[in-house]
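Bear in mind these aren't lab numbers, they're just calculated from the coordinates by the rules spelled out. These figures come from a predicted structure and were not determined experimentally. We place every Cβ from the backbone using ideal geometry, glycine too, and count neighbours over all the protein chains shown.
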Amino acid sequence: MESEVFVGLDIGTTKIACIITELGEDDELKVIGVGVCQSVGMRKGVVVNIEKTVSSIKKAVEEAELMAGVDVDAVWVGIAGEHIRAINSRGVVAIAQEGRSDSEITLEDVDRAIGAAKAVAIPGDREILHVIAQEFCVDAQSGIKDPVGMCGARLETQVHIITGAIASAQNIMKCVEKAGLKVIDLVLEPLASSYAVLNSDEKELGVALVDIGGGTTDIAIYLEESIRHSAVVGLGGTNVTRDIAIGLRTPVEKAEEIKRKHGCAYLPLLRGNETFMVPGVGGHDDRNVTKDSLVGIIEPRMEEILSLVLREIKRTGYAEMLGAGVVLTGGGSLMEGVKEKAENIFQSSVKLGVPTRFVGLTEAVKSPIHATGIGLCMYAVDSNSEARSAKKNAKGENWFSKVLERWKKAGWWDFF
């Protein structure tokens, strides 16, 4: 059997990454191509310049294609930004219907319950991106993950509905299509990242995934294996970079270099009186600056970002239920001292989320920077397998229904 290819396209504020993977006969996900390009047409997860974004997408995809030796024509694309909103909703349906003598729950009943749950009023300028079933309740029995095959008279479900601005989603799709690619699906970025960096135990115990990107910081809370809350904080790594540029009076590009090379977000980690050279701006002379001066700029901003995340988590009521603590991922989590600062603010265990459960170019992508890209490929594999399973089940049900109908017409059913 020929390997299936799945491509994730992470369109971020500071970088665009294309990850090409293939799924072999042993269902092992293998990374075969990676392309990364600076993102120059995005701001806070939203397209602000279509032509520049298209150019960046093309460069990232071409680099990945060259490495993988395959041509890419369709991708799963990550979406984020302050326009993202999420709500939880419930839906109820009756199992016993006219023409049905049994009370066994079918896939059709599950679809009807989810359909009832997502029948909520949303503004005309927004669209539903995801409807994720959290749990089901059959009659008085709650906490059910898969009710198909169970018997009951009433099926209730709770779902997590994620919406986004139609214009923002259309602009991202337009950029990808102008780059010569087909968008198979738009996937919320923290949802994608969770596929790459969280395991089933963490999702069961309760965990908060905090993805610190360039323009935004995305939050996803899991409990009992289901996503319970998702949100976006409109601050990220670019805010830190701009603070450095203003505080040290240096160009933004140089501020980014300083952040990557000398940045630290937690003053107690400093040792000695280290200094570094800061390039001047507008003809001003270069000068030496102490590292504690840099920390004095970075730490307050990181404290603000993490405090806003904590406030959001507390607002949901899940703060005391996170048995697995907090997992940090995204490029912003790589800075020295971010993990320690997060532990200080959250007063909880914090770990760095690194993509796992794949082979191939592991050294090229085994970093929090690529959590979304790898997660998009894993999401694609999962969605593809679910679609095939549903198609197979539908074929089986149709075949069995036809057989029963023929038996009834022939009068054979009376013998059973």
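Considering the zone a paramagnetic label at S307 would reach in this model (a point 7 Å from Cα along the Cα-to-Cβ line), which residues of the stretch 185-221 have amide N under 13 Å from it?
Within reach of a label on S307, which here means backbone N under 13 Å from a point 7 Å along Cα→Cβ, the stretch 185-221 contributes nothing.
When the dipole is taken about the Cα centre of the chain, and only Lys, Arg (+1) and Asp, Glu (-1) are charged at their Cβ, what size is it in debye, to the nearest 20? Show your work: numbers first, answer last.
On the way: 46 positive and 59 negative charges, 195 e Å.
Result for the chain is approximately 940 debye, rounded to the nearest 20.
Does the stretch 168-212 classify as rounded, prolate or oblate by the C-alpha gyration tensor (a ≥ b ≥ c root eigenvalues; a/c under 1.5 gives rounded; else a/b over b/c gives prolate, otherwise oblate)? Could the numbers behind the result be given before it?
Values: a/c = 4.02, a/b = 2.92, b/c = 1.38.
Here the stretch 168-212 falls in the prolate category.
Roughly speaking, what is the stretch gain from A167 to I50, that is 0.36 nm per residue apart minus the C-alpha to C-alpha distance, in nm to one decimal? Show your work: numbers first, answer last.
Numbers: separation 117, 0.36 × 117 = 42.12 nm, distance 1.28 nm.
Working it through step by step, the gained length comes to 40.8 nm.
How large, in Å, is the stretch 24-72 by the Kirkwood hydrodynamic radius built from its alpha-carbon pairs? List each step's numbers first, then the result.
Numbers: mean 1/r = 0.0820 Å⁻¹.
Here the Kirkwood hydrodynamic radius works out to 12.2 Å.
Is the shape of the stretch 85-165 best called rounded, prolate or oblate, per the rule: a/c under 1.5 gives rounded, else a/b larger than b/c gives prolate, else oblate, with a ≥ b ≥ c the square roots of the Cα gyration tensor eigenvalues?
Working: a/c = 2.94, a/b = 2.03, b/c = 1.44.
Prolate, because a/c is 1.5 or more and a/b exceeds b/c.
Which value, in debye to the nearest 20, gives the size of the charge dipole of the stretch 85-165 about its Cα centre, when Lys and Arg are +1 and Asp and Glu are -1 at the Cβ?
Numbers: 8 positive and 12 negative charges, 71 e Å.
About 340 debye.
For the chain, what are the DSSP H helices with axial Cα length of 24 Å or more and mean Kyte-Doolittle hydropathy of at least -0.5?
50-68, 291-316
Peptides 124-133, 363-372: what's the order by average Cβ count within 10 Å, highest mean first?
Per-residue mean Cβ counts within 10 Å order the peptides as 363-372, 124-133.
Under 1.5 on a/c is rounded, so check that first for the stretch 237-301, then, if it is not, pick prolate when a/b is larger than b/c and oblate when it is not; a ≥ b ≥ c are the square roots of the alpha carbon gyration tensor eigenvalues.
On the way: a/c = 2.19, a/b = 1.31, b/c = 1.68.
It is oblate, given that a/c is not under 1.5 and a/b is not larger than b/c.
Placing +1 on the Cβ of each Lys and Arg and -1 on the Cβ of each Asp and Glu in the chain, which of G360, G272, V75 has its Cα farthest towards the positive end of the resulting dipole?
Of the candidates, G272 comes out farthest on the positive side.
What does the helix-only formula give at 222 nm for the chain: each DSSP H stretch with n ≥ 4 adding -39500 (n - 2.57), the total divided by the residues, and the result rounded to the nearest 500 deg cm²/dmol? It would help to have the intermediate numbers written out before the result.
Details: 11 runs with 160 residues, N = 416.
Taken over the chain, the calculation gives -12500 deg cm²/dmol.
When H284, H229 are ordered from fewest to most other Cβ atoms inside 10 Å of their Cβ, what list results? Each step should come with its number before you reach the end.
Details: H284 11, H229 20.
Final ranking by Cβ density, sparse to dense: H284, H229.
Would you mind computing Rg(Cα) / (2.2 N^0.38 Å) for the chain, counting N as its residues?
In units of the 2.2 N^0.38 Å rule of thumb, it is 1.13.
Mind ranking 168-175, 260-267 by how tightly packed they are, going by the mean number of other C-beta atoms within 10 angstrom, highest first? Mind dumping the intermediate values first?
On the way: 168-175: 19.8, 260-267: 18.2.
Averaged packing, sorted descending, gives the order 168-175, 260-267.
For the chain, what relative contact order do you get, as a whole percent, if you take Cα pairs closer than 8 Å and at least 6 residues apart?
Numbers: 882 pairs, mean separation 70.7, N = 416.
After rounding, I find 17 percent.
Pulled fully out, how much extra length does the chain show between D382 and E177, if you take 0.36 nm times their separation in residues and subtract their Cα-Cα distance? Each step should come with its number before you reach the end.
Numbers: separation 205, 0.36 × 205 = 73.80 nm, distance 2.37 nm.
Here the segment from D382 to E177 would lengthen by 71.4 nm.
At a Förster distance of 45 Å, what's the computed FRET efficiency of F276 paired with K366, Cβ-Cβ distance as r, to 0.05?
FRET efficiency, F276 to K366: 0.95.
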